[in-house]
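Engineer: I'd like to ask some things about the structure below.
Throughout, read-outs are computed from the coordinates displayed, never taken from laboratory work. Keep in mind it's a predicted model, so treat the numbers as computed, not measured. Neighbour counts are summed over all protein chains in view; Cβ atoms, including those assigned to glycine, are modelled from backbone coordinates with ideal geometry.
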Amino acid sequence: MENFHLDILDKRILRILREDARVPFVEVARKCGVSGAAVHQRVQKMNEAGLIRGSQFNLSPKVLGYHTLAFVGIQVNLTSNKTHEEVFQKILEIDEVVECHSITGKYSYMLKIYAKNNEDLKRILVHRIQSILEVTGTETFLSLEEGFNRKLKID
């Protein structure tokens with residue numbers, strides 16, 4: 001559902017959970033001045049509407065040994081009987097690709113890739129991405145440092 005209407009209470013609940021999704025509903029309720037059941041019902045309603053898409057732990061790539069972050073634009077030529085969906089499925093099989101966006105402009109897709117180091121990134125590019133027959137070109141952008149990564153603002 002698009003454009004889900006958020007009232008003041010929904011926004012307060014989301015602001016609290018956006019900062020720490022592990023906060024118990026009872027604590028959220030206390031901060032909002034409502035019952036735990038009210039918070040549970042509101043969150044359930046937002047889940048069902050598709051506004052909230054699960055919850056997750058944010059892992060540190062560096063602690064896991066991934067020291068290289070790259071964004072890779074890939075050009076795709078579909079002169080054969082392949083479709084973008086088939087190319088997408090091949091990209092989906094590459095575990096180091098954590099995001100894939102279909103974009104406008106020079107590239108068909110923009111990928112976000114974590115690699116152990118530059119040599120590992122080269123392996124991913126040459127043996128995994130550029131080996132896809134429909135991929136006709138790539139351009140790699142190395143991230144030197146993440147400036148910020150923020151969550152979407154709740155008005």
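For (1) farther than 20 Å from Glu145 by Cβ; (2) exposed (fewer than 13 other Cβ atoms within 10 Å of the Cβ), each residue gets a yes or a no:
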| position | (1), (2) |
| --- | --- |
| Ser60 | no, yes |
| Val63 | no, yes |
| Tyr66 | no, no |
| Val72 | no, no |
| His84 | yes, no |
| Phe88 | yes, no |
| Cys100 | yes, no |
| Lys106 | yes, yes |
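Engineer: Answer yes or no as to whether Ile129 is surrounded by 11 or more Cβ atoms within 10 Å (Cβ to Cβ), more than 14 Å from the chain's Cα centre (by Cα) and over 30 Å from Pro24 (Cβ atoms).
Structural biologist: Working: surrounded by 11 or more Cβ atoms within 10 Å (Cβ to Cβ): yes; more than 14 Å from the chain's Cα centre (by Cα): yes; over 30 Å from Pro24 (Cβ atoms): yes.
Here the answer is yes, as Ile129 does meet what is asked.
Engineer: While we're here: Which condition number does Glu146 fail, the rest of (1) assigned to a loop (DSSP other than H, G, I, E, B); (2) within 20 Å of Leu64 (Cβ to Cβ); (3) free of Cβ contacts under 8 Å to residues at least 24 places away in the same chain being met?
Structural biologist: So the condition that Glu146 fails would be (3).
Engineer: In the set Ile8, Ile16, which member is loosely packed, with under 10 Cβ neighbours inside 10 Å and under 15 Å from Lys153 (Cα atoms)? Spell out how you get there, then give the answer.
Structural biologist: Values: Ile16 fails: loosely packed, with under 10 Cβ neighbours inside 10 Å.
Selected residue: Ile8, the only one of Ile8, Ile16 that is loosely packed, with under 10 Cβ neighbours inside 10 Å and under 15 Å from Lys153 (Cα atoms).
Engineer: Run down Arg22, Arg42, Arg30 and say which single residue is without any contact (Cβ under 8 Å) to a residue 60 or more places away in the chain, exposed (fewer than 13 other Cβ atoms within 10 Å of the Cβ) and basic (Lys, Arg). Working first, answer last.
Structural biologist: Working: Arg42 fails: exposed (fewer than 13 other Cβ atoms within 10 Å of the Cβ); Arg30 fails: exposed (fewer than 13 other Cβ atoms within 10 Å of the Cβ).
Answer to the selection: Arg22.
Engineer: While we're here: Would you mention how many residues in the stretch 49-88 are hydrophobic (A, V, I, L, M, F, W, C), farther than 22 Å from Ile113 by Cα and within 19 Å of the chain's Cα centre (by Cα)? Please lay out each step first, then the result.
Structural biologist: Applying the first criterion (hydrophobic (A, V, I, L, M, F, W, C)) to the stretch 49-88 yields 49, 51-52, 57, 59, 63-64, 69-72, 74, 76, 78, 87-88.
Now restrict to residues that are farther than 22 Å from Ile113 by Cα: 49, 51-52, 78.
This time we only want the ones that are within 19 Å of the chain's Cα centre (by Cα), so: 51-52.
The number of residues fulfilling the criteria is 2.
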